[in-house]
Structures are given as structure tokens and as C-alpha cells.
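Laboratory data are not the source of any read-out in this text; all were calculated from the coordinates shown. Nothing here was measured: the structure is a model prediction, and the numbers come from that model. Quick reminder, even Gly has a Cβ in these numbers, built from the backbone with ideal geometry, and neighbours come from all protein chains shown.
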Amino acid sequence: MDVKKTISYILPHIISKGKTALGQNYEIAYEYGYKVLNSENANYSFGSLHQVMQKGITAILKHIKPTKILLLGLGGGSALRIFEKKFSHSYQITAIDIDNDIITIALNHFNLNKYKNLETINADASLWIENASENSFDLIIDDIFMDSIIPDFCFKKEYLENCSKLLIPNGIYFRNTMNLEILFQKNITTYLVLFLKI
């Protein structure tokens with residue numbers, strides 16, 4: 001095993017760190033033998049939140065086998081790795097991320113090019129979903145964060161309505177959150193009204 005990976009079981013080994021053009025502080029490191037992407041205050045990809053995402057996707061697979069997936073917020077591509085391991089059927093992924101530097105990090109450090117069924121778009125997700133075709137996806141995974149914070153627009157009724165319109169009947173919207181309490185603090189009623197049907 002690589003010495004850096006071995007040492008990371010005791011102490012994280014930082015590979016690279018910096019700030020994106022949009023002002024996001026990031027750190028690429030080995031932790032417990034795995035390469036991860038962290039923001040200043042949170043894990044973005046392949047760390048603790050990878051396990052949470054994996055449980056969520058496993059639960060989704062009990063209800064549907066998605067073939068057209070919209071990923072809002074790419075990070076290092078952690079969700080893509082889970083899809084690859086969990087899905088035995090064919091599927092297409094459209095991933096939207098506002099930060100082109102994060103997309104570049106995913107390409108250079110997390111082998112994003114290997115996913116031939118992936119379309120990556122550098123765009124503001126809140127604007128992109130306004131113009132996307134209705135009934136285009138059977139699964140939306142909303143993983144938009146700025147550091148450890150879910151941006152306020154993600155809780156706006158208009159944004160959630162736009163997400164809802166993109167889903168086919170019985171499609172699933174999955175919101176990744178580090179703290180379920182924040183949904184109650186913001187406006188969980190909107191989530192229930194728009195997505196209870198699923």
C-alpha cells in the first residue's frame with residue numbers, strides 16, 4: 001500500500017489545498033486510506049458523507065431503478081462511484097456544478113473521465129433547472145452546498161417547484177443534508193407539498 005495512504009489511517013495526509021475562483025476553500029487529502037475532497041468545514045466527497053449518500057441511494061433503489069439522473073452539485077463525484085457499484089442497469093447522469101474549479105478537481109483527482117454515461121455542465125443549478133425540459137428525470141439528487149451550508153435558494157418554493165417539474169411521475173427528489181433539523185427551520189412544508197407524491 002502507498003505510504004501516504006497508510007499514514008492517513010493515523011493522520012490525514014494533505015495532497016493539495018487552495019481556493020477556487022468562486023471563493024471555496026478546498027483540501028484534497030488521504031483519510032483512512034481514501035482520497036477525499038473537503039471544504040473548509042465539511043467533507044464534500046468520499047469521506048463521512050459518502051456513507052450517508054450510499055445509504056440514501058440504497059433506499060432509493062428499493063423503489064425505482066433510475067435511468068435518467070440529475071445531480072445538482074458534483075463535488076468530487078462521490079455519488080457517481082456509488083451509482084457505478086450499486087446499479088446493474090444502464091443509466092445516464094447529468095451533473096450540474098457552478099464551480100468550474102471543483103469540476104477540474106474531480107477530473108484531475110477523482111477520475112471523472114471514466115464515466116462515459118456522464119454529462120457535466122458548469123452552470124448555476126438554480127438557473128439551469130428553469131430552462132430544462134419537464135419530465136426529464138426519474139431521480140434528482142440535490143447535493144448543493146457552499147462549504148457546510150445549503151444555500152438559501154435551495155429552500156425557495158420556486159426552486160423546488162422547478163425541480164419537481166423535471167421529474168417524471170413517481171420520480172424521486174433526494175436532498176442531501178448534513179442536518180435534518182435545517183429542513184424544519186427553513187420550510188419543510190414546501191418539500192412535503194411538492195414531493196409527498198413520491
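Laid out as a table, the results:
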| item | result |
| --- | --- |
| Sequence ranges 123-130, 75-82, ranked by mean other-Cβ count within 10 angstrom, highest first | 75-82, 123-130 |
| Label point distance in nm, L22-S90, each placed 7 Å from Cα along Cα→Cβ | 3.2 |
| Built amide H within the under 5 Å cut-off of T67, gap 5+ | D138 |
| Ranking of S16, S45 by count of other Cβ atoms within 10 Å, fewest first | S16, S45 |
| Rg over Rh, two decimals, the range 49-195 (C-alpha only, Kirkwood Rh) | 0.93 |
| Nearest-0.05 FRET efficiency for T58 and L11, computed from C-beta distance (R0 25 Å) | 0.20 |
| Value of relative contact order over the range 47-130, rounded to a whole percent, pairs C-alpha under 8 Å and six or more apart | 30 |
| Relative exposure of F110, F137, F87, judged by other C-beta atoms within 10 Å (fewest first) | F87, F110, F137 |
